[in-house]
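K.L.:
Have a look at the structure that comes next, please.
Here, each number is a calculation from the coordinates, and none is a lab measurement. As the structure is a prediction and not an experimental result, all values here were calculated from the model. Methodologically, a virtual Cβ is constructed for each residue, glycine included, from the backbone with ideal geometry; neighbour enumeration extends over all protein chains shown.
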Amino acid sequence: MSGFREHPSTNLMHTLLSKLFLSLRGWLQWRLLWFMHNKFIIGVAGVILDDQRRILLLRHRYRPPEMMWGLPSGYANSGETLEETLAREVYEETGYQVEVASLLQIKSGFQLRLEAYFLANWRGGELNLDMDEVVDAQFFELDQLPRELPRSQLILLQEVSNHIRPVVICCSGKNS
């Protein structure tokens, strides 16, 4: 049996470090882990459906011309859930209110970024574009998507197109 044996002093060091870490408890453990690991940006995007099953797309000011249209998206703030991030970003960029229905996909493998894609329903609001970031916002039929859509988002929309249905959320009142 061939195996790697740690030097006894290495094993002792691991034991001491483990005991020290476990003695820190709570906040100090989390802070130590935070310092020891890479930091990531969390991107969130949404497939937002209106009551006619059309998809909300935004024409972004700072994207290259071949990818100027895209799903509403943004980055998570500290202390925010990913669902809250999507609702906030859609509201900030368009003035629309949405209700997040389900997680569609998580993509990783980027250098320091993780992306989460959600399915959400448009719940109203007045169109009020954030002209610093967004030039236009429109709902599109699945078979009439603009060509200037990022390939990854086009693939996602093709994958979910057979499963997109209006999501009805029941019983939104408080439980008795």
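K.L.:
Select from region 55-88 those trypsin sites (Lys or Arg not before Pro) which occupy a DSSP coil region and have at most 14 other Cβ atoms within 10 Å, ordered by residue number. Display every interim value, and only then the final one.
P.N.:
Numbers: sites: 59, 61, 88; in loops: 61.
Listed in order of number, the matching sites are 61.
K.L.:
Give me 75, 96, 62 ranked fewest to most by other Cβ atoms within 10 Å of their Cβ, as a rough exposure proxy. Each step should come with its number before you reach the end.
P.N.:
On the way: 75 12, 96 21, 62 9.
Ascending Cβ contact count within 10 Å gives the list 62, 75, 96.
K.L.:
Determine, for 122, 34, the number of other Cβ atoms within 10 Å of each Cβ, and report the residues in order from fewest to most. Walk me through the intermediate numbers first.
P.N.:
Values: 122 20, 34 9.
Listed from fewest to most nearby Cβ atoms, that is 34, 122.
K.L.:
First check a/c for region 61-163, with a ≥ b ≥ c the square roots of the eigenvalues of its C-alpha gyration tensor; if it is under 1.5, answer rounded, and if not, answer prolate when a/b is larger than b/c or oblate otherwise. Mind dumping the intermediate values first?
P.N.:
On the way: a/c = 1.17, a/b = 1.02, b/c = 1.16.
Since a/c stays below 1.5, the shape of region 61-163 is classed as rounded.
K.L.:
If I stretch the segment between residue 13 and residue 75 completely, what's the gain in nm (0.36 nm per residue apart, minus their alpha carbon distance), one decimal?
P.N.:
The residue 13-residue 75 span can extend by a further 18.4 nm.
K.L.:
Next question. May I ask you to compute the full-extension gain from residue 53 to residue 138, defined as 0.36 nm times their residue separation minus their alpha-carbon distance, rounded to one decimal in nm?
P.N.:
On the way: separation 85, 0.36 × 85 = 30.60 nm, distance 1.27 nm.
Full extension of this stretch gives 29.3 nm more.
K.L.:
Could you tell me the distance between the Cα centroids of region 41-86 and region 130-149, to the nearest Å?
P.N.:
So the two Cα centres are separated by 11 Å.
K.L.:
Putting +1 on Lys and Arg Cβ atoms and -1 on Asp and Glu Cβ atoms, find which of 79, 152, 15 reaches farthest to the positive end of the dipole of the chain.
P.N.:
The residue sitting most towards the positive pole is 15.
K.L.:
To continue, here is another question. With the contact rule set at Cα under 8 Å and sequence spacing of 6 or more, what percent relative contact order holds for region 95-139?
P.N.:
Working: 59 pairs, mean separation 19.1, N = 45.
RCO, region 95-139: 42 percent.
K.L.:
Could you give the dipole magnitude of the chain about its Cα centre, charging the beta-carbon of Lys and Arg +1 and that of Asp and Glu -1, in debye to the nearest 20? Before the final figure, lay out each step's value.
P.N.:
Values: 18 positive and 21 negative charges, 201 e Å.
That gives the chain a dipole magnitude of about 960 debye.
K.L.:
With viscosity set to 1.002 mPa s and temperature to 20 °C, compute the Stokes-Einstein D of the chain, Rh being the Kirkwood radius across alpha carbon pairs; µm²/s, no decimals. Display every interim value, and only then the final one.
P.N.:
Working: Rh = 19.1 Å.
Approximately 112 µm²/s, per Stokes-Einstein.
K.L.:
Running a GNM on the chain with Cα contacts under 10 Å, which residue among 22, 104, 154 ends up with the highest mean-square fluctuation?
P.N.:
22
K.L.:
Evaluate the relative contact order of the chain (contact order divided by residue number), counting alpha-carbon pairs under 8 angstrom at least 6 apart; express in whole percent.
P.N.:
On the way: 265 pairs, mean separation 44.2, N = 176.
Worked out over the chain, it gives 25 percent.
K.L.:
So for the pair residue 152, residue 36, with labels modelled 7 Å out along Cα→Cβ, what separation do we get in nm?
P.N.:
It works out to 2.9 nm between the two label points.
K.L.:
How large is the helix-only mean residue ellipticity at 222 nm for the chain, computed as the sum of -39500 (n - 2.57) over DSSP H runs with n ≥ 4, divided by its residue count, in deg cm²/dmol to the nearest 500? Before the final figure, lay out the partial values.
P.N.:
On the way: 4 runs with 51 residues, N = 176.
Per the formula, -9000 deg cm²/dmol.
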